[in-house]
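Trainee: Can you read through this structure? Questions will come right after.
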Amino acid sequence: MKQEQPNFTRCIKQTSFFLLGIMTLKVLIKVIFNQSTFQDLKSSFLDLDNRALAIFIFLITILLGWIILSLIIGSIYYVIQKIKYKKIGH
């Protein structure tokens with residue numbers, strides 16, 4: 001079986017999709033199984049004066065976390081793939 005040479009952008013893309021799936025699954029599990037916590041968050045959100053700012057900060061925080069985690073874990077994944085590729089003898 002011939003293994004492709006590792007590509008940094010492909011590793012980052014694969015890792016970012018994987019992390020996005022994990023983050024989405026985690027949110028769905030919290031919404032489904034922790035209904036009381038979700039209701040508390042919803043009621044505290046509805047009590048806020050500036051909802052647009054809260055939504056903006058929430059989305060930026062999630063986006064930055066996703067990007068930073070994707071870069072860190074994707075870089076580690078790339079190094080591991082590179083080591084595996086060299087160990088095979090290419």
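Trainee: Pairs, please: C-beta under 7 Å, at least 6 apart or cross-chain, first residue more than 19 Å from S75 (Cβ to Cβ) and free of Cβ contacts under 8 Å to residues at least 40 places away in the same chain and in segment 15-33, second open to solvent by less than 80 Å² (accessible area, probe 1.4 Å) and part of a helix (DSSP H, G or I)?
Mentor: Sorted first by the residue in segment 15-33, then by its partner, the pairs are K30/T37.
Trainee: If I ask for residues that are open to solvent by 90 Å² or more (accessible area, probe 1.4 Å) and among the aliphatic types (A, V, I, L, M), which ones from segment 29-44 would you list? Spell out how you get there, then give the answer.
Mentor: Taking segment 29-44 first, the residues open to solvent by 90 Å² or more (accessible area, probe 1.4 Å) are 30, 32-33, 35, 40-42.
Within segment 29-44, I32, L41 meet the criteria.
Trainee: Still on this structure, I have one more. Condition first: modelled with pLDDT of 85 or more, among the charged types (D, E, K, R) and closer than 30 Å to K82 by Cβ. Now tell me which residues in segment 1-53 satisfy that.
Mentor: Within segment 1-53, R10, K13, K26 qualify.
Trainee: Name, by its number, the condition in (1) open to solvent by 90 Å² or more (accessible area, probe 1.4 Å); (2) outside any helix (DSSP H, G or I) that does not hold for F18.
Mentor: (2)
Trainee: Given the conditions (1) in contact (Cβ under 8 Å) with a residue 60 or more places away in the chain; (2) not in a helix (DSSP H, G or I), which single one is not true for D49?
Mentor: Condition not satisfied by D49: (1).
Trainee: Tell me which residues, restricted to segment 2-15, are open to solvent by less than 70 Å² (accessible area, probe 1.4 Å) and either at positive phi or β-branched (V, I, T) (or both).
Mentor: I12, T15
The values are calculated or read from the model by the stated rules, or taken from the named source; none is laboratory data. What you see is a predicted model, and the numbers here were worked out from it, not measured in a lab. So basically every Cβ, Gly included, is an ideal-geometry build from the backbone, and we count neighbours across all protein chains shown. Remember, those area values only see protein heavy atoms, side chains included, never the ligands or the DNA or RNA. Shrake-Rupley method; radii C 1.70, N 1.55, O 1.52, S 1.80 Å.
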